[in-house]
1. Taking the chain as the reference, fit the longest principal axis to its C-alpha atoms, fit the long axis of helix 43-72 to the helix C-alpha atoms, and give the angle between the two in degrees, 0 to 90, nearest 10.
2. Using 0.36 nm per residue of separation minus the Cα-Cα distance, give me the extension gain between Ala65 and Val15 in nm, one decimal.
3. Once every DSSP H run of n ≥ 4 in the chain is given -39500 (n - 2.57) and the sum is divided by its residues, what mean residue ellipticity at 222 nm do you get, rounded to the nearest 500 deg cm²/dmol?
4. Can you give the direction-averaged projected area of the convex hull of the alpha-carbon atoms in segment 8-72, in nm²?
Amino acid sequence: MSTLFSTPAERHVFVVGFFEVLCPWPPKIPISPDYPFDIKDEYHYYLAGRGAGFIALWCVLIVVALFFKEVLL
């Protein structure tokens, strides 16, 4: 467990995956080949970030839906 998120590349790729889900439209500018962190090397962190982003997105949608239900009904 001490090596989990131990490098900046791991943390950065996780955050990229997380926010890709929260921002569902395609990127205006795709990630270039000379990007400082290679997503292919840390793809498992990217997928974990996408999973965490998906869960966060649904939690936010549920909270918003419950809020509007209470306000409108």
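1. 10 degrees
2. 15.4 nm
3. Computed ellipticity for the chain at 222 nm equals -21500 deg cm²/dmol.
4. That works out to 5.3 nm².
Bear in mind that the values in this text are calculations on the coordinates, not laboratory data. Keep in mind the model is a prediction, meaning the values are calculated, not measured.
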